[in-house]
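Read the structure below first, then the notes.
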Amino acid sequence: MTTERSLVLVKPDGFSRGLTGAVLARIERKGYRLVALEIRTPTRELLIQHYAEHEGKPFFEPLVAFMSSGPVTAVVIEGERCVEGFRSIAGATDPTKAAPGSIRGDFGRDFGHDVTQNVVHGSDSPESAAREVGLWFPGLT
Ligand code: DAT
Ligand code: MG
């Protein structure tokens, strides 16, 4: 058994466009369980930790500004290989290149050749997932 957890975020663009339900439906349809869910506007402090690997890159500041611009839906999901599985459901980072049928491919838009607004976040490894779940849901056991 390789049951694991992943952190999913419906980003401010996805939340404001009313796509939370559609994202959750795809997660549940795949067979992953919802473990925790909260709507909140993340602080800069949380996002700087969340995106620590990108600090110093040119898109870092706009990314943090965008992600703290409004509510997101933060979700912990659980299931066998769900980290890799959700990345597959989410599609490539660039919504224009993301495959049709993926969340980003179906719902994402390129706003001025800028991939910042790509609807969802998903942890990229079991280690990242454990770190991110701890950041967003510190009380979760
Ligand atoms: P992913 O979210 O697919 O794991 P990532 O970790 O490389 O992608 O980047 C985190 C987020 O930062 C990504 O979802 C959108 C934004 N981003 C990445 N590369 C970017 C770029 N070149 N320009 C603008 N935003 C970018
Ligand atoms: Mg990433």
Pull up region 1-41, narrow it to residues that are without any contact (Cβ under 8 Å) to a residue 60 or more places away in the chain and crowded, with 17+ Cβ neighbours inside 10 Å, then point me to the one that is farthest from residue 114 (Cα to Cα). 32
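Conditions tested, residue by residue: (1) more than 12 Å from ligand 1 (Cβ to nearest atom); (2) of a type outside the set (Ser, Thr, Tyr); (3) in contact (Cβ under 8 Å) with a residue 60 or more places away in the chain.
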{"site": "94", "(1), (2), (3)": "no, yes, no"}
{"site": "99", "(1), (2), (3)": "yes, yes, no"}
{"site": "102", "(1), (2), (3)": "no, no, no"}
{"site": "107", "(1), (2), (3)": "yes, yes, yes"}
{"site": "112", "(1), (2), (3)": "no, yes, no"}
{"site": "119", "(1), (2), (3)": "no, yes, yes"}
{"site": "126", "(1), (2), (3)": "yes, yes, yes"}
{"site": "131", "(1), (2), (3)": "yes, yes, no"}
{"site": "139", "(1), (2), (3)": "yes, yes, no"}
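Bear in mind that the values in this text are calculations on the coordinates, not laboratory data. Remember, it's a predicted structure, so these values are computed and weren't measured experimentally. A quick note on method: Cβ atoms are made from the backbone with ideal geometry, for glycine too, and the neighbour counts reach across all protein chains shown.
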